[in-house]
Amino acid sequence: MKLIFKSKKTMLLILIAVMLCIWFYFSLPQILFNDPYSLVLEDRNGQLLSAAVAKDGQWRFPEQQQIPNKFQQAIVLYEDKRFFTHWGVDLVALGRAIKQNIQSQKIVSGGSTLTMQTIRLARRNKPRTFFQKAIEIALATRLEFSYSKEEILALYASHAPFGGNVVGLEAACWRYFGRKPDEMSWAEACMLAVLPNNPSLIHLGKNRNKLKEKRDRLLERFAAIGVIDSLSLQLAKYEPLPEAPLPLPNHAPHLLQLAAKKNPFAKKTMTTVDLLLQQRLVEVVQQHHQRLSGNQVHNAAVVVAEVNSGNVLAYVGNARAGKVNHEHVDVVQAQRSSGSILKSFLYAALLDDGKMLPNTLQPDIPTYINGFAPENFSHELDGAVPASQALIRSLNIPAVHELKAYRYERFYELLNRLGFTTLSEPPDHYGLSLILGGAEVTLWDVTSAYASMARILNQYFERPGNNRYAKSDIRPLSFEYAAPHFDDDLTDATAIGAASIYSTFEVLKELYRPGEQTGWRLFNNQAQIAWKTGTSHGFRDAWAIGVNPKYVIGVWVGNADGEGRPGLTGSEAAAPLLFDVLGLLPQADWFQPPMNDMVRIATCKASGYRFSSACTEPDTVLIPKPGLATASCNYHQKVHLSADKHLRVNTSCAKTFQMVTQNWFVLPPIQEYYYRKKHGNYQTLPPFKPGCAGSTITNIDLMYPEQNSKVFIPRELDGNNGRIVLQATTRDEQIALYWHIDGAFKKMTRNDHKWAVFLPEGLHSITIVDENGAALERSFRVISK
């Protein structure tokens, strides 16, 4: 019986021992600390950009992997000098603590090692009882089996309290000293080493003398063991304690918001931002904010990035304009009307499609397309303008005609391929207004798209065959240091070819600088840059984008609440900021021309089309090869003149030997009407000699309405239809026009050929005849509902 009893007792003890071993093995949680952490943003060199307080109101930075040597020596000497030799429990210190507690008849010393203190912090400071102490001892021993000494020190330093709402060594260094932990002095390391011992009793706000005494005693211990010399000791003692916690750096608050939104589980994000450039950019934005606020323009945003990598170097989401002026809004990511900022992409696309050459004339005339009537910003008309000048001057009407030729559905798809993410409606929703601010875009997407264009051009020389590009060439910007993987597969379906991009940038390089009337070419000692401005309807958004082979700069200026202000234009409000930002960056060489995809051809200087035998003045232009498919100039025509060249003639009124044949630059009448007002050297065709038969050259044109168009006429207050204003133009201003509506003569006009007329709903025809017998017919439909 005794043997059986002993056997059962032994088995019970073995079972208990096994259970204790199992408990011991699984006693340590896989995640020791479940505390919420501050969101921390660092620059490319590990410098602190911005941080946000943790959800529990504590400044608690994410756990460190290692701690500075000075703090390690200080905390070990002060708290646990045998830390590197024990297994979680210091029996000597524990025995001394038991003796002191018995003698005092109360707990005055815990005898805890740093490992035990780490466990207590993880268990959220359980009551100081013998039972809890036993659990701490067991868990501390278990912790020693799972973690290295350095890892345990890092855990302790990351979660130790340092007074107030400051938790962890890194947060304490920034709050008390305004710098990184590895930049601490011996005095600072010793102060932080003694602070967690009793942070609620001794901290910067009270008992400062006691805190300094404890710090200095620890410094003296270092001197006694030869870690620091006597001079270093004296200098360290002279270091004052911090007066009060410092505010944490907040150089990129909006980028911090973006990082939290993009990856809510990442507590520390190392970015590609350069701290020095970021600080200088914030200053520049604030300077311009002060200038603009006089016009009640309160918000501005700037993003600067490297072209090839797409890495963001600086990110200012908004000016520091105060809460009432919505400074919390990250305008870089906000959807705003694009204004004219997309015209560069259309220009490049038309070149790439072989639909025009760099200087091809575009109509700049009154335009009415299915009720859409665009106007230029200046409310002036040139009649006809080279495409390059239309882009430089950001003219709206030529851009609409260009988009009509390219088709807005194709342009919509092109913008999507270039990385625009905010075109949420189908193409028909935007129509031709897509090129004039009818769509909302973000500064982030616009800057990314311009960077992608520059990247395609840069990478052209790195690709076999040159005319191929990698899918990764077109991609959004990135602010995270750990660059994502990009698809480098080659494709032939490029969004826009390198040659067309180069031609576009060459045009944009010629834009005038803000406040300068002499032009870009006088500033050849400055960094070259291709730049484009844009202004939205109602003066609500001012844009400026600049790009060179190395950098891209995106600028937006306006009011975050959408309030428009007079003078809020891209050239006056955003461009000056763009060039001040450019001044912060190193100079860069200009793009190399992709000559394999370009060719020099002769063009007509007046029309911009390919040179024809009728052209009077040639020009040599470097064009993308698709431009070889464009037509020859048809603006120059052979005309026959009388011997004195004052009248036009033909075989019906003059002998062949009496004719003088001359090449003449002839614009359509409606274009000529406005063109000759801006170009004093433009020569209109001479009139025909009396008795000559009609000419094949059109002398009459109807500005409004267009052929087969639908004209909406609102009803007046009395319920009747309103009037439609008909307007025609002729080459001879003095000639009379005779108007016929639906086959019936109605009116004669001379000089000013405008007529406001009542017309009922339905299909109508209009016939205009001049006094020489030339006629023009047009049909249109009137609607009023």
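The values are calculated or read from the model by the stated rules, or taken from the named source; none is laboratory data. On a predicted model such as this, the values are computed, not experimentally measured, just so you know. All Cβ positions, even for glycine, are placed from backbone atoms using ideal geometry, and neighbour counts span all protein chains on display. All accessible areas refer to the heavy atoms of the entire protein, side chains included, with ligands and DNA or RNA removed. Shrake-Rupley method; radii C 1.70, N 1.55, O 1.52, S 1.80 Å.
Normalised by the number of residues in the range 330-401, the average gap of Cα pairs under 8 Å and 6 or more apart makes the relative contact order 34 percent.
Remark: the residue 657-residue 208 segment gains 150.4 nm on full extension, using 0.36 nm per residue and subtracting the alpha carbon distance. Using 10 Å bins from zero, what percent of all Cα-Cα pairs in the range 307-383 falls into each bin? For the range 307-383, the binned pair fractions read 12, 24, 29, 22, 12, 0 percent. When each of the peptides 30-39, 397-406, 439-448, 750-759 is scored by how many other beta carbons lie within 10 Å of its residues on average, the order from highest to lowest is 439-448, 397-406, 30-39, 750-759.
The residues of the range 567-643 have, on average, 46 Å² of accessible surface per residue, using a 1.4 Å probe with all protein chains present. Look at the dipole of the chain built from charges on Cβ: of 707, 426, 504, the Cα furthest out on the positive end belongs to 426. Just so you know, the averaged projected area of the alpha carbon convex hull for the range 221-355 sits at 16.0 nm².
Note on the chain: with neighbouring protein chains present and a 1.4 Å probe, carbon and sulfur make up 52 percent of its accessible heavy-atom surface. When the C-alpha to C-alpha distance is required to be over 32 Å, the pairs from 404/509; 404/645; 550/677 that qualify are 404/645; 550/677. For the range 366-466, the per residue solvent-accessible surface stands at 38 Å², with DNA, RNA and ligands left out and a 1.4 Å probe. Derived scalar couplings between HN and Hα for the range 309-324 equal 7, x, 6, 6, 9, 7, 8, 10, x, 5, 6, 7, 10, x, 4, 5 Hz in order, rounded to whole Hz, by the Karplus curve 6.51 cos²θ - 1.76 cosθ + 1.60 (θ = phi - 60°), x for Gly and Pro.
Ranking 632, 607, 591 by Cα position along the charge dipole of the range 588-637, where only Lys, Arg, Asp and Glu carry charges on their C-beta atoms, puts 632 farthest toward the positive end.
Placing pseudo-labels 7 Å out from each Cα toward the beta carbon at residue 742 and residue 263 gives an inter-label distance of 7.2 nm. Our note on the geometry: Cα centres of the range 729-785 and the range 385-459, 37 Å apart. In percent, rounded to a whole number, the relative contact order of the chain is 9, using alpha-carbon pairs under 8 Å and six or more apart. Straight-line cross-link reach from residue 605 at under 14 Å between alpha-carbon atoms covers these aspartates and glutamates, not counting any fewer than eight positions away in the same chain: 617, 619. When a/c is below 1.5 the answer is rounded, else prolate if a/b is larger than b/c, else oblate, so apply that to the range 355-460 with a ≥ b ≥ c taken from the square roots of the Cα gyration tensor eigenvalues. It is oblate, given that a/c is not under 1.5 and a/b is not larger than b/c. Between 549, 300, 675, the Cα set farthest toward the positive side of the dipole of the chain (charges on each charged residue's Cβ, about the Cα centre) is that of 300.
By the helix-only formula, in which each DSSP H run with n ≥ 4 contributes -39500 (n - 2.57) and the sum is divided by residues, the chain has a 222 nm mean residue ellipticity of -9500 deg cm²/dmol. Packing, as the average of other Cβ atoms within 10 Å across residues, places the peptides 63-69, 673-679 in the order 673-679, 63-69, highest first. The residues of the range 114-234 expose on average 42 square angstrom of accessible surface per residue, using a 1.4 Å probe on protein heavy atoms. Taking the inverse of the mean 1/r over every pair of distinct Cα atoms in the chain gives a Kirkwood hydrodynamic radius of 32.8 Å.
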